[in-house]
Structures are given as structure tokens and as C-alpha cells.
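Read-outs: derived from the displayed coordinates by stated rules, not from any lab. Everything numeric in this text was worked out from a predicted model, so none of it was measured. Cβ coordinates were reconstructed from backbone atoms using ideal geometry, including for glycine residues, and neighbour counts include every protein chain displayed.
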Amino acid sequence: MSLAKMAAVLVAFLLLIVGVIALWSDSPMTLSRPAVRRAFEATRPRSEGSRKTVMLFFLAQDQNILQEEAREIEGGTTTTEDAKRTVQELVRGPESELKATIPLATQVQNFFVDSSGTAYVDFNRELREGLSGGAQEELYTVFSIVDTLGFNFPQIKRVQILIEGGEISTLRGGVDARTPLVPRSAF
């Protein structure tokens with residue numbers, strides 16, 4: 001077989017694989033982060049006594065963007081406690097017309113921040129098993145967590161998602177979670 005024929009067969013085979021993957025996917029594949037829409041002029045978390053107002057990022061109805069929702073949490077004695085409570089509120093879901101990004105049965109098992117500003121959020125396996133959609137749903141889930149922490153806690157520079165205490169390569173195959181993810185830098 002000539003070199004030109006081999007190259008043509010290889011190109012055709014690669015195109016066939018790409019076509020099968022595109023048709024097999026439940027939803028359109030995207031490699032960009034979901035956009036964030038400002039519903040109102042957001043402020044960083046504020047504290048009134050033992051209560052704090054934080055911004056949680058959920059999926060806007062009928063749109064492919066994350067939108068914030070204000071929520072009050074009970075203030076902890078440390079920033080780590082406040083950040084863990086914030087993620088727990090995110091798991092509870094929105095109180096408005098926004099759509100949840102995290103499966104309801106998900107639980108935050110552990111949370112800590114190291115000295116370099118990396119937050120480690122350890123979830124039960126429901127975070128992975130409860131996702132029914134494709135890569136797009138995974139993007140919304142991951143970046144609602146990452147952006148919620150980055151927006152409310154400037155000392156958190158990166159977020160590492162763990163499942164049952166261990167590192168994961170991805171939740172559903174669409175977002176590389178082997179290394180800590182960086183929150184959106186401009187809100």
C-alpha cells in the first residue's frame with residue numbers, strides 16, 4: 001500500500017472516530033467555562049453578627065450561564081468553616097428560579113485550605129453518580145463550586161475536588177480534575 005493511501009485511510013479513520021464521538025454525546029461539547037451573569041451588583045461576603053451573606057452560583061433557567069444567588073449562612077470561627085458552610089448551601093440548591101448544579105444527595109465530607117491557597121473539597125460519591133448529563137452539566141457543576149469559593153473567599157486561589165477522600169481525574173469525562181482548578185479572576 002502506498003504512503004498516500006495509508007495517509008488517506010488514517011485520516012478517514014480519524015474522521016470516523018470524531019464523528020462517532022460527536023453523535024454519541026448527549027449534548028454539545030464545549031471546552032469553555034460557563035459564563036456568569038450578574039443579576040445585581042454583587043459584593044463580597046459581609047458579616048452581620050454571626051450571620052454572613054455569600055453568593056452562590058447556580059445555572060440560570062433556559063440559559064447556559066451561571067448566575068449568583070445571595071444566601072445567608074451562620075458564620076463560623078474560621079474562614080475554612082465559612083467556606084465549608086458555603087459549599088453546603090450550594091449543595092442545598094437555589095431558593096429562586098435558578099437551577100441546581102449539584103445532585104441533591106451530595107454531601108461535603110471534608111474541607112480544608114492549605115497554606116498556598118488551595119481548597120480541598122471532599123464530596124461523597126453522589127457528586128459523581130448523581131450527574132445524569134454530559135460534559136456541559138459537568139462543567140456547570142465543577143465551576144459552580146470553584147467560582148462560588150473563589151468569589152466569596154479571595155484567599156482561595158485554586159480548588160481541588162475530591163470524591164470519598166481521593167483525587168479524581170474527572171467527574172464524567174468532560175473536565176480535567178486531576179489538578180486544582182482556578183476560579184474566574186474577574187467577577
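Note on Arg158, Arg92: ascending count of other Cβ atoms within 10 Å places them as Arg92, Arg158, the fewest first. Residues Leu59, Leu149, arranged from fewest to most other Cβ atoms within 10 angstrom of their Cβ, appear as Leu59, Leu149. The modelled label-to-label distance for the pair Arg184/Glu72, using points 7 Å beyond Cα in the direction of Cβ, is 2.6 nm.
Assuming charge only on the beta carbon of Lys and Arg (+1) and of Asp and Glu (-1), the dipole of the range 58-117 about its Cα centre is about 220 debye to the nearest 20.
Restriction of the GluC sites (Glu not before Pro) in the range 74-115 to DSSP coil positions whose beta-carbon has at most 16 other beta-carbons within 10 angstrom yields Glu95, Glu97. Each of Ser96, Ser2 was scored by other Cβ atoms within 10 Å of its Cβ. Listed from fewest to most, they are Ser2, Ser96. Under a point spin-label approximation (7 Å from Cα along Cα-to-Cβ), what is the Glu164-Glu129 distance to one decimal in nm? For the pair Glu164/Glu129, the computed spacing is 0.8 nm. Between Asp114 and Gln63, the FRET efficiency from the beta-carbon distance, with R0 = 22 Å, is close to 0.05.
Bridging of Lys157 to lysines at a Cα separation below 25 Å is possible for Lys52, Lys84, once same-chain residues fewer than 8 apart are set aside.
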